[in-house]
Amino acid sequence: MSKVAPITTRKDDHIKINLEQDVRSALTTGLEKIHFTHEALPEQNLDEVDTRLKIFGKELQAPILVSSMTGGTADAGVINFRLAEAAQVCGLAMGVGSQRAALEHPDQVQSFQVRKVAPDILLFANIGAVQLNYNYGLDECKRAVDMIAADALYLHLNPLQEAVQDGGDTNWKGLARRIEKVCRELSVPVIAKEVGWGISEKTAHILADCGVAAIDVAGAGGTSWSQVEMHRAPDEFLRNLAASFVGWGIPTTDSIINVRKAAPGMPIFASGGLKDGLDIAKCLALGASLGGMAAHFLKIAAISTENVVTAMKLTQRQLQVTMFATGVGDIDALKEVELRLD
């Protein structure tokens, strides 16, 4: 087995591969099978259609989340700050990428500290849940939150990525008990987040029993991190191993439904292959509270903050027009709309 690459090198690899390679899942989100009923007489004024909502004590201008992507290197810091600047302008939510790099390499802390450009946004800190089995505990969770003055903490779940990654962390035994302890003792809400393979009913039950405040389903249909790891694998054995799982996972639509069944009333963040405001509207109608996008914003953030602002405003307008053409005036009403399935 080859020598494992440093975590900072891995972060730069991830950005480069996501920007330059096709790393999409072989599955679809399922959202292409879902349709709204068009209302030719909507009885609405488009400019009065209200996309605002309040969650975790913060008011958002739209239920749009810049999903966790990166951090831990200079290039990642540039992207994080552009995303945060745009989220501040547009009044949206944002999650940073895994902060393990900064917890272990303090010189990388600044790449995550986006509060200086985004003082008002709903901001999520982020560490890998499996690190709780590798000498991380409540102290590291607190440090991650304090590092960026976050409103909540993501504990991300990526067992398949770790299983196909060179030197991945593959001891997941007893992790639910450790997650429960963090949920019970951390002073901010804890959100469980998959990274692109979705959430089953069984896992949703377990996470609800652990006391998580929300679940980000990150379903299959968007970026496949096994494909990302395939492109950075150091040898043919690991490349072939990672390539085997291009069609693995639970699609985003099924994941939302799974969480609704297993944990009624649990706030759901829908992510995994969402491409526009129409997809976000579909997820909200299925029962989600927020719709998250990562790859879409990442590619644009590599260009400029201004481009990200334009993309966010377009996404919000797409959501607003969807609501208008469906004949609903606010987010609560959108969640009551009946959907048509192919």
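The values are calculated or read from the model by the stated rules, or taken from the named source; none is laboratory data. A quick note: this is a predicted structure, and the numbers were derived from the prediction, not measured. We place every Cβ from the backbone using ideal geometry, glycine too, and count neighbours over all the protein chains shown.
Taking the residues in region 101-122 that are more than 23 Å from P63 (Cα to Cα) and of a type in the set (A, V, I, L, M, F, W, C) as candidates, determine which candidate is surrounded by the fewest Cβ atoms within 10 Å (Cβ to Cβ).
It comes out as V109.
Select from region 213-229 the residues that are modelled with pLDDT of 95 or more and of a type in the set (A, V, I, L, M, F, W, C) and write down the one among them that is farthest from N126 (Cα to Cα).
A220
Out of contact with any Phe, Trp or Tyr (no Cβ under 9 Å at 6 or more places or on another chain), under 22 Å from G77 (Cβ atoms) and of a type in the set (F, W, Y): does that describe F112?
Here the answer is yes, as F112 does meet what is asked.
Of the numbered conditions (1) within 26 Å of L27 (Cβ to Cβ); (2) crowded, with 16+ Cβ neighbours inside 10 Å, V308 fails exactly one; give the number of that condition.
(1)
Only one of K282, K313 is on the phi < 0 side of the Ramachandran plot, among the charged types (D, E, K, R), surrounded by 21 or more Cβ atoms within 10 Å (Cβ to Cβ) and in contact (Cβ under 8 Å) with a residue 60 or more places away in the chain. Can you tell me which?
On inspection, the qualifying residue turns out to be K282.
Got a sec? Which strands (runs of 3 or more DSSP E) wholly within region 32-118 have at least 2 residues that are closer than 22 Å to I303 by Cα?
Working: elements: 53-55, 58-60, 64-66, 93-95.
Here the list reads 64-66, 93-95.
Read through the list (1) within 21 Å of Q44 (Cβ to Cβ); (2) surrounded by 16 or more Cβ atoms within 10 Å (Cβ to Cβ); (3) not β-branched (V, I, T), then give the number of the only condition that A263 fails.
Condition (1) is where A263 drops out.
Between a first residue in region 147-174 that is assigned to a loop (DSSP other than H, G, I, E, B) and a second residue that is acidic (D, E), which pairs have beta carbons less than 7 Å apart while being 6 or more apart in sequence or on different chains?
From residues that are assigned to a loop (DSSP other than H, G, I, E, B), the pairs are Q165/E229; G168/E162; D169/E162; T170/E162.
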